[in-house]
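Single-structure report; data block below.
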Amino acid sequence: MQHADSHPEPMPVPQGYDRDSGGRFRHPLRPARLIAGLAALTAALLYAGDAADAWHTPWFAVFPIVFGGLFLAGAAAWVHYRIRRRSAQSASTENMGAPASTSGSQAIR
């Protein structure tokens, strides 16, 4: 049982997440999901406007919107992956020097 003066333990940070200066979780950027979601939302809004008789949307309009959005989302995911991979490789090559135990008088023979 906790006293009124005690603070609860902070929640562990999920993998891939970070905390900002206010202690709130920041989620990782996922541009492909954003693009795919916007394409689906655009298709839904077009059909909602058609259902409300605001305009006429042809039945086949959803295909180029959704498939084009999925193609752009795939391209964005590939670019995002390549950027993350390149930054991870450059960070790991900084620590590629010889370990301390192989230099100086403690060299392994």
Q: Could you run the Karplus curve 6.51 cos²θ - 1.76 cosθ + 1.60 with θ = phi - 60° over the stretch 86-91 and give me ³J(HN,Hα) per residue in whole Hz, x for Gly and Pro?
A: 5, 5, 5, 5, 5, 6
Q) Where does the charge balance sit around Leu29 when Lys and Arg score +1, Asp and Glu -1, over other residues with C-beta under 13 Å from its C-beta? A) +3
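Computed from the coordinates by the stated procedures, all read-outs in this text should not be read as laboratory data. The model shown is predicted, which means the values in this text are computed figures rather than measured ones. All Cβ positions, even for glycine, are placed from backbone atoms using ideal geometry, and neighbour counts span all protein chains on display.
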